[in-house]
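K.L.:
Take a look at the following structure, please.
The values are calculated or read from the model by the stated rules, or taken from the named source; none is laboratory data. Everything numeric here is computed off the predicted structure, so don't read it as measured data. Quick reminder, even Gly has a Cβ in these numbers, built from the backbone with ideal geometry, and neighbours come from all protein chains shown. Heavy atoms of the whole protein, side chains included, go into the accessibility calculation; ligands, DNA and RNA do not. Shrake-Rupley method; radii C 1.70, N 1.55, O 1.52, S 1.80 Å.
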Amino acid sequence: MEKTFEKQGYTNVVFNALFSRNGKKLNSIENAAIANYSSLILSYYQAENPDKVKVEFKTSQDNVLIWSKVYELNDSLEDIPKSLSGYAGLGEAEVNDLVQRKFSEMERSKELERLSAELTKATAMNEELQYQVLDMQASLDAKKQIEYYSSVIGMALPGLAKFFTGTPVGNAINFLSGTEESPSQIDAGKEKDPTQREAILEMIQSFCQGLSNQELGTMYLLLSEIEKDKAVLKTILDLITQNSETEKNTQH
């Protein structure tokens, strides 16, 4: 019958197979390709164990019935196409092999999910560690900067103090450089020693009051530049330090 379809002008043909047993409908095949006819019919027969099969061939586009037949399977299977008789189906070994492969695929899937979860966890931990490293590096850099300025001030202030010996300015410089004089020398007219900040402010005020108008104007311009860019302070300290070191080497 399949060979006659093309001669009749039917090119796109599909088939349906309705399985039943004791008058009760079972699972069925719908709109399947003719090329899969033999394998599908036998597979469904083995799975459903029907006593009757109704086969229909229809056009795929407009669902026009071309040919149909009902096979009674109670007594004989002779009416099933001979092309199916050579299909032995899957044996025990083949079934076991399929089950084993399916099980292996499931195990691989579980392992893949586990590794994916571990990778996600490791990635998050790595990001946290990188953040901690950056934070520690920033803290270390800040500490180095403080130590640098402390060392520069420590070298520069003793050199400046000798220019202001016997004045409040000199006493304040000695205090900042760690070579402070006795409390009576720092402030003989006060009952309590000034705080470090008060000493610095007093030093600056006393120093500026002793400047001439030209020197005071120069100091103003200097402070203006420092206010614009506080990094200028480092340049000034470097210059003072270099001059101090040069003078020491000359004296030696």
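K.L.:
Taking amide H positions as placed in the peptide plane 1.01 Å from N, state which residues far from ARG21 in sequence (5 or more) or on other chains have amide H under 5 Å from it.
P.N.:
For ARG21, the qualifying residues are LEU26, ASP51.
K.L.:
Ordering VAL64, VAL232 by accessible area with a probe of 1.4 Å, largest first, what comes out? All intermediate terms of the calculation are to be shown ahead of the outcome.
P.N.:
Values: VAL64 60, VAL232 40 Å².
Order by accessible area, largest first: VAL64, VAL232.
K.L.:
Still on this structure: With all protein chains present and a 1.4 Å probe, how do ARG101, ARG197 order by accessible area, largest first?
P.N.:
The ranking, largest first, comes out as ARG197, ARG101.
K.L.:
Now, a different point. For GLN130 and LEU239, FRET efficiency with R0 = 35 Å and r from the beta-carbon atoms, rounded to 0.05?
P.N.:
0.35
K.L.:
What residues of region 47-63 lie in the reach of a label at ASN22, counting those whose backbone N is under 16 Å from a point 7 Å from the Cα along Cα→Cβ?
P.N.:
It comes to 48-52, nothing else.
K.L.:
Mind ordering 112-125, 26-39, 215-228 by average Cβ neighbours within 10 Å, highest first?
P.N.:
26-39, 215-228, 112-125
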